[in-house]
Each structure stands twice: as structure tokens, then as C-alpha cells.
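Asker: Pasting in a structure now, in C-alpha cells, and then I'll have a few things to ask.
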Amino acid sequence: MPDGMIEFYAADTPNNRKIAIMLEEAELDYEVRPVDLKRGEQRSEAFLAISPNNKTPAIIDRDADGGALAVFESAAILIYLAERSGRFLPDAARERSQALQWLIWQCAGFGPMLGQLEHFALHAKEQVPYALARFSTEAARLFGVLDRRLAECPYAGGSAYSIADMAIYPWSVLMRAHVEGGGGRTFAHVAAWETQLQQRPALSRGMTALAVASKSPSG
Ligand SMILES: N[C@@H](CCC(=O)N[C@@H](CS)C(=O)NCC(=O)O)C(=O)O
């Protein structure tokens, strides 16, 4: 496995913090290359060559086997870094599958729905009651799904802390209180899991590592 420096193209948002947490947890050598979303740098030709979807996060591993490798999409980056470091993704087929299921659940549902809720609840220039109701209901349902999972096992993937937790955590801490407040519900198992993860110094470092990079309301 290569051990060279990873270029991390990022803004200070939850999707980018997932990667910062993994880079810190796996003790990988990396350098943040800030992408200013407000100035539209994600739409530049140079960034398009790294991230064809024009969104952060993206990485370049200059020491990848076969030459420099650019990776976009946070789940693909997390899996790549887990395989590169040999950490935070179980080898055994059953445990690996469970961690990947919850990672993909985050990227396909939890993140996008909470991102829409964040937009319509906290950043939209006009009130759109239909959108607010739709995404509030779905966000509450998804937090319920996660709460049931964390009632059964200590981590999203099962018995071991993994890239699934790293993907879920930044969105959970950003939106849980809002969703609980709106629906009058509590997600006690999610709250306890967040508190447990907050004991991890690398996770805390990952959550603040991008303060130098630009913020964006787009999640
Ligand atoms: N599915 C993508 C979502 C990435 C995403 O939404 N990135 C946001 C920041 S969190 C972004 O770069 N937005 C810029 C834009 O939409 O122009 C992933 O998980 O990597």
C-alpha cells in the first residue's frame, strides 16, 4: 500500500468532514486543498478534472498503484481510504457487508434527505411548507431507522467502529436536535452513540480540520 500524501479537495461541510475524520482516524498523511464553493470553484475546469460531478469532497492519491488516482463521492473515497489503510472496514464478508450497507444508507438517504431539510428549514429564501413537511417527515423516519439500529448494536455497521459511523456522524450532529425539536421526538440511542464517538480525539480533529476551508449552505 502507498504511504504518500493525499491531496484532499474540500470545503467545510458535513460530506467533507466524513473524509477528514477518516484521514485523521487512519493517520494518513494529507493536505487540504480548499475549494471555495461560494465563489464557484467547484465548477472550474481544473476541479472538474478531479471531480466530474462538480462537488466536494474529492481526493488525489499521487502514489496510487499505476499512477495518480482521483476519487470523488464520499462513500467511494471512504472505501478507498479504508482499503488503502487496511482500517475501519472489516475483512469478514458478513461484517463488511453490514458496514457497507449502512455507509450506502447514509449516502443514498440520510445525507441527501437531511441536506434537503437543512436547505429548506435553515437556508431557503422563501418558506416552502410542502418541501419542509416532506423532508421533515423523511428525516424523522431516517433518524428512527438509525435509532433502532443503534439500540441493537454499538456502531452503525455492527460491533466495530467503521467508515459507516464516520459517514453518518457529521450529518447526525448537525440535524438531530432540529429533527427532534420539530417532531417532539428523541433519538436516545443516536444521542448516546454521538456522545461515545465524541470521546475519539481523531474524530474531533476531523470535525474541525476544515475550518480553514470555505463553508457552504449547500451541505
Ligand atoms: N454525493 C456526494 C455529495 C457531495 C456534495 O453534496 N457536496 C457539496 C458540499 S457537502 C458540494 O460540493 N456542493 C457544491 C455544489 O453543489 O455546487 C458525496 O457524498 O460526495
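The values are calculated or read from the model by the stated rules, or taken from the named source; none is laboratory data. Predicted model, so just to flag it, every value in this text is computed and none were measured. Methodologically, a virtual Cβ is constructed for each residue, glycine included, from the backbone with ideal geometry; neighbour enumeration extends over all protein chains shown. The accessibility values were calculated without ligands, DNA or RNA, using every heavy atom of the protein model including side chains. Shrake-Rupley method; radii C 1.70, N 1.55, O 1.52, S 1.80 Å.
Asker: Which residue is least open to solvent (accessible area, probe 1.4 Å), if the candidates are limited to the range 82-107 and must be over 16 Å from residue 27 (Cα atoms) and of a type in the set (S, T, N, Q)?
Answerer: So the residue we want is 106.
Asker: Also: Go through 92, 121, 108 for me and flag whichever is touching a residue at least 12 places away in the same chain (Cβ under 8 Å) and either among the hydrophobic types (A, V, I, L, M, F, W, C) or within 25 Å of residue 64 (Cα to Cα) (or both).
Answerer: 121
Asker: Could you say which residue among 210, 150, 122, 174 is within 16 Å of the ligand (Cβ to nearest atom) and open to solvent by less than 30 Å² (accessible area, probe 1.4 Å)?
Answerer: On inspection, the qualifying residue turns out to be 210.
Asker: Within the group 55, 38, which residue is modelled with pLDDT under 95 and either under 21 Å from residue 167 (Cα atoms) or within 12 Å of the ligand (Cβ to nearest atom) (or both)?
Answerer: When all the criteria are applied, what remains is 38.
Asker: Collect the residues in the range 25-62 that are touching a strand residue (DSSP E or B) at 6+ places or on another chain (Cβ under 9 Å) and of a type in the set (D, E, K, R), keeping them in residue-number order.
Answerer: Residues satisfying the conditions are 29, 31, 33, 41, 55, 61, 62.
Asker: Can you tell me which residue among 21, 6 is among the β-branched types (Val, Ile, Thr), more than 15 Å from the ligand (Cβ to nearest atom) and closer than 19 Å to residue 212 by Cα?
Answerer: Values: 21 fails: more than 15 Å from the ligand (Cβ to nearest atom).
The match here is 6.
Asker: Do you know which of the residues in the range 40-81 that are of a type in the set (Phe, Trp, Tyr) and open to solvent by less than 50 Å² (accessible area, probe 1.4 Å) is farthest from the chain's Cα centre (by Cα)?
Answerer: Across the range 40-81, the extreme among qualifying residues is 47.
Asker: Looking at the range 43-77 only, could you name the residues that are among the β-branched types (Val, Ile, Thr) and assigned to a loop (DSSP other than H, G, I, E, B)?
Answerer: Across the range 43-77, the qualifying residues are 50, 56.
Asker: Also: Given the options 128, 71, 145, name the one that is β-branched (Val, Ile, Thr) and within 12 Å of the ligand (Cβ to nearest atom).
Answerer: Answer to the check: 71.
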